[in-house]
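The values are calculated or read from the model by the stated rules, or taken from the named source; none is laboratory data. Just so it is clear, the structure is predicted and the values come from calculations on it, not from any experiment. For neighbour counting, all protein chains shown are included, and Cβ atoms are generated from backbone atoms with ideal geometry for every residue, glycine included.
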Amino acid sequence: MLRIAVLVSGGGTNLQAIIDAIADGTITNTEIAGVISNNRNAYALERAKRAGIPACVVSPKDYADRETFHQALLDTVSSFAVDLIVLAGYLVVIPEKMIDAYPNRIINIHPSLIPAFCGTGFYGLKVHEAVLARGVKVTGATVHFVDKGTDTGPIIMQKAVPVENGDTPKQLQQRVMEQAEWILLPAVIDKIANGKVSVTDGIVRVDVSFSQTETGKDIH
Ligand code: GRF
């Protein structure tokens, strides 16, 4: 059984997709040991509460300096005794000592096809604004292992989404979430939970046999 901690900052639709995927069997062999948010107002915390999942807030505002916040975050994650850390809309930079403690055991969902539209400053709606400004016709989402860079870790899986004529950033963000993020993140967690993901020299190999059927997710 893969024990995971999910780190959140906002609405928690990706957390909800994981909760729903475990409930409907899209994700197997996995349990969410806990949810951690840097933002005490994150609706993701309400989603965790409704699902009966232990949740807590570790906010930088509650600590004298960055170092004590980093240690508190690491101690809190450690207290859940997890195998994998999932960043699901988490907007805080992961401390290097946490990456050292969990090598290739932290994954992140980014709302573009990395290496496009990623790195410092590319998060949330800003990603989709840049996609529309550049005029690309295909975007999507990427799940990758977290390393000490920004969106630079080994890519695990990606899913493409069309950009439609006249899309607004919000419309495009919603399509990327519905058609890519909410399908991709559960799929990657299930693959990891069932030993189907390996990394060699920074390149990820995913065993695509027995892949789960992809179903859309209505999440509100
Ligand atoms: C989403 O666009 C996701 O790609 C990004 O954070 C945004 C909010 O995610 N990582 P959520 O609804 O809080 O899961």
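Miscellaneous remarks
- Screening Ser79 against (1) away from the ligand (no atom under 16 Å from the Cβ); (2) in contact with a helix residue (DSSP H, G or I) (Cβ under 7 Å, 6 or more places away or on another chain) leaves a single unmet condition, (2).
- Filter result for Glu67 (among the charged types (D, E, K, R) and not in a strand (DSSP E or B)): yes
- Check on Val82, closer than 20 Å to Gly124 by Cα and out of contact with any Gly (no Cβ under 7 Å at 6 or more places or on another chain): no
- Output for region 192-214, where each listed residue is small (Gly, Ala, Ser) and modelled with pLDDT of 95 or more: Ala193, Gly195, Ser198
- Count of residues meeting criterion [outside any helix (DSSP H, G or I) and crowded, with 19+ Cβ neighbours inside 10 Å] in region 179-200: 1
- No other residue among Ala5, Ala21, Ala33 is within 16 Å of the ligand (Cβ to nearest atom) and either closer than 18 Å to Ile106 by Cβ or assigned to a loop (DSSP other than H, G, I, E, B) (or both) apart from Ala5.
- The condition of being charged (D, E, K, R), surrounded by fewer than 16 Cβ atoms within 10 Å (Cβ to Cβ) and in a loop (DSSP other than H, G, I, E, B) does not hold for Lys49.
- Test: residue in region 55-64 that is of a type in the set (Lys, Arg), within 28 Å of Ala141 (Cα to Cα) and outside any strand (DSSP E or B): no
- Cβ separations smaller than 6 Å between residues 6+ apart or across chains give the following pairs from region 3-32 residues that are within 30 Å of Lys61 (Cα to Cα) and among the β-branched types (Val, Ile, Thr) to residues that are part of a loop (DSSP other than H, G, I, E, B) and away from the ligand (no atom under 12 Å from the Cβ): Ile4/Val82; Ile19/Ala51; Ile32/Ile53.
- Within region 11-50, the residues that satisfy the criterion of being touching a strand residue (DSSP E or B) at 6+ places or on another chain (Cβ under 8 Å) and among the hydrophobic types (A, V, I, L, M, F, W, C) are Leu15, Ile18, Ile19, Ile22, Ile32, Ala33, Val35, Ile36, Ala42, Ala44, Leu45, Ala48.
- Test: Leu74 is assigned to a helix (DSSP H, G or I) and more than 15 Å from the ligand (Cβ to nearest atom): yes
- Long-range neighbours under 8 Å by Cβ, at least six apart or interchain, first residue modelled with pLDDT of 95 or more within region 142-154, second aromatic (Phe, Trp, Tyr) and crowded, with 17+ Cβ neighbours inside 10 Å: Asp151/Phe122; Gly153/Phe145; Pro154/Phe145
- Scan of region 158-174 for residues that are buried (at least 19 other Cβ atoms within 10 Å of the Cβ) and within 21 Å of Leu91 (Cα to Cα), ordered by number: Leu172, Gln173
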